[in-house]
Structure formats: C-alpha cells, structure tokens
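Presented below is the structure to which this report refers.
The values are calculated or read from the model by the stated rules, or taken from the named source; none is laboratory data. Computed from a prediction, not measured in an experiment: that's the story for all the values here. With ideal geometry, Cβ positions are generated from the backbone for all residues, glycine too; neighbour counts draw on all protein chains shown.
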Amino acid sequence: MKAKEVFRVKQSHGKGIVEIVIWQVPTPVPPSEHPYKYRLVYVVNGKWVVGYDNERGKGDHKHLGDTELPYGFVSPQQLMADFMADVKGVEQ
C-alpha cells in the first residue's frame, strides 16, 4: 500500500491561511507509532505561526512561533481539534 491522502484543505483563516494535509501510510513514520503522516500549518504574512507535523526522526511535535514542543497524537480528529485550538489561541 502506498501513502493515501485522507484529508486536505487550504483556506483563509483569520489573518492568514490554514493548510492541513493528512496521509495514511502503510508503516509508521519513525519514531511515531500510528499509521499517519501529517502537516498542519497556520501561516500569517508568509511566516509559520502554528505548525504540527511528524517528521521522520523527530516524531509527533508542534511549533508555536519559534518554540518546538512534543505532541501526543491520539487520532486525526483530535489532531485537527488541537491544531485549531492553538490557532485560535494565537489569534487572540
């Protein structure tokens, strides 16, 4: 099985753009242990303000401005909810 795109959206949001892409993969992206590869970003004026991804070698993590923090992946639905909560938090 190849990677299968399960969700994709790119749209204006607040003062920027939200882009979410989630793939189902045949094997986890190490060190993640789930079958998803993802990239969620909120970009304002060309700069990443919030980002979530699971880069090979780094695993699940998020970016809040210049700070990188571990992220506890539960499900694609929870991932999107957590991401949008952080986006809402930086908009205030």
- Could you say whether any residue in the range 26-37 is under 10 Å from the mean Cα position of the chain (by Cα), modelled with pLDDT of 95 or more and surrounded by 11 or more Cβ atoms within 10 Å (Cβ to Cβ)? yes
- Query: What is the number of the single condition among (1) buried (at least 16 other Cβ atoms within 10 Å of the Cβ); (2) touching a His at 6+ places or on another chain (Cβ under 7 Å) that residue 60 does not meet?
  - Reply: (2)
- Message: Please verify whether residue 42 is in contact (Cβ under 8 Å) with a residue 40 or more places away in the chain, part of a strand (DSSP E or B) and either in contact with a strand residue (DSSP E or B) (Cβ under 6 Å, 6 or more places away or on another chain) or surrounded by 17 or more Cβ atoms within 10 Å (Cβ to Cβ) (or both), treating the condition exactly as stated.
- Response: yes
- Inside the range 63-92, can you point out the residues that are modelled with pLDDT of 95 or more and surrounded by 14 or more Cβ atoms within 10 Å (Cβ to Cβ)? 63, 64, 71, 73, 76, 79, 80, 82, 83, 84, 86, 87
- Item | Failed condition for residue 32, given (1) assigned to a strand (DSSP E or B); (2) of a type in the set (S, T, N, Q); (3) in contact (Cβ under 8 Å) with a residue 40 or more places away in the chain | (1)
